[in-house]
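As structure tokens, the structure follows; a few thoughts come after it.
Please treat every number below as a calculation from the coordinates, not as lab data. It should be emphasised that the depicted structure is a prediction, and the values quoted were computed from it without experimental measurement. Counting neighbours? That spans all protein chains shown, and the Cβs are built from the backbone with ideal geometry, glycine included.
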Amino acid sequence: MLHRKGRGIGPFLGFLDPSLATPPKYLLISVAEHIEKMLARYFSLSLLATAVSAASISDLVGTWSTKSRKVVTGPDFYDPINDKFLEPNLTGISYSFTEDGHYEEAYYRAVANPVNPSCPKGIMQWQHGKFVLNSDGSLELTPIASDGRQLVSDPCSSSLATYTRYNQTETFNSFQVSKDPYHGIQRLDLKRFDDSPMHPMYLVYQPPQMLPTTTLNPVSETGKSKRHVARDTDRLPGVRNLITKEELTNPDRWLWVGVFATALGGITLFYS
């Protein structure tokens, strides 16, 4: 009878002697490497699926506001009919997005004064326009140039605030929508063009609360607004005696104020 030596029958003899069924070391290493590659591909696909899910316009739709939730886009922040701001009780940021690519933003911020810490500036900003979601997951926001508004109040240097048009294109490198583990609601995280994170915002309205997405303050061919913008407004707790910067720097206005004051002084002297 012919007997052959080899390992080929080892696995079949394992029931007789377990040591005969032990796979070679090189085979174990090969299987481990194969499993490692499969796991790496799985996690890569999972991360890709998460990124694709996050970079979806449908996830953005709604009105988002920072923790105070006192600053919200729409008619509660900016009144386009009377062209004035409505000051919230607390500072904050709000963004709104629609499914068809329109957005609106509202900012109410306090800016620290390093020279006099007890005297910060107050800034209110509002604008709206269109946004684009790029293939790399970044967002580009392009406002309607004539509609944006900004109000700056520096109570320690002037009793009057400056009110001007505001037009600032924005780019966000990325965004992520997730369920906040603490508050249990949808949360939006935006990263600016330099990858610095903004304050997280939370979903407050869906569908979004926004003003009309069309141009609200059209500009004529001469570059001036078709309606009167400069005026005084009601006294607000933090922003008082609203007046435009253009009005403050109008020499004709101050000329007639000087003439009137001189005439009034002459009349008073004559009757004294």
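Once both labels are modelled 7 Å past Cα along the beta-carbon direction, what's the Asp195-Ser157 spacing in nm?
3.5 nm
If you average the alpha carbon positions of region 67-104 and of region 139-204, how far apart do those two centres end up, in angstrom?
Value for the Cα centre distance between the two parts: 10 Å.
Long-range amide H contacts for Tyr205: which residues qualify at under 5 Å (H placed 1.01 Å from N, peptide plane, sequence gap of 5 or more or a different chain)?
Thr63
In sequence order, what are the phi-derived ³J(HN,Hα) couplings for region 73-79 according to the Karplus relation 6.51 cos²θ - 1.76 cosθ + 1.60 with θ = phi - 60°, rounded to whole Hz, with x for glycine and proline?
Result, ordered by residue: 4, x, x, 7, 10, 10, 9 Hz.
Charges only on Cβ, +1 for Lys and Arg, -1 for Asp and Glu: so what's the dipole of region 85-214 about the Cα centre, in debye to the nearest 20?
Using only the charged Cβ atoms, the result is roughly 300 debye.
Calculate the spin-label point distance for Ile81 paired with Asn167, positioning each point 7 Å from the Cα along the beta-carbon direction, and give it in nanometres.
Taking the simple label geometry, Asn167 and Ile81 are separated by 2.8 nm.
For a protection proxy built on the mean count of beta-carbon atoms within 10 angstrom, sort 64-72, 91-99, 209-217, 179-187 highest first, please.
Packing proxy ranking, top to bottom: 91-99, 64-72, 209-217, 179-187.
I'm checking a number: the convex hull volume of the Cα atoms of region 60-108, normalised per residue, in Å³. What is it?
Measuring per residue, one finds 67 Å³ for the Cα hull of region 60-108.
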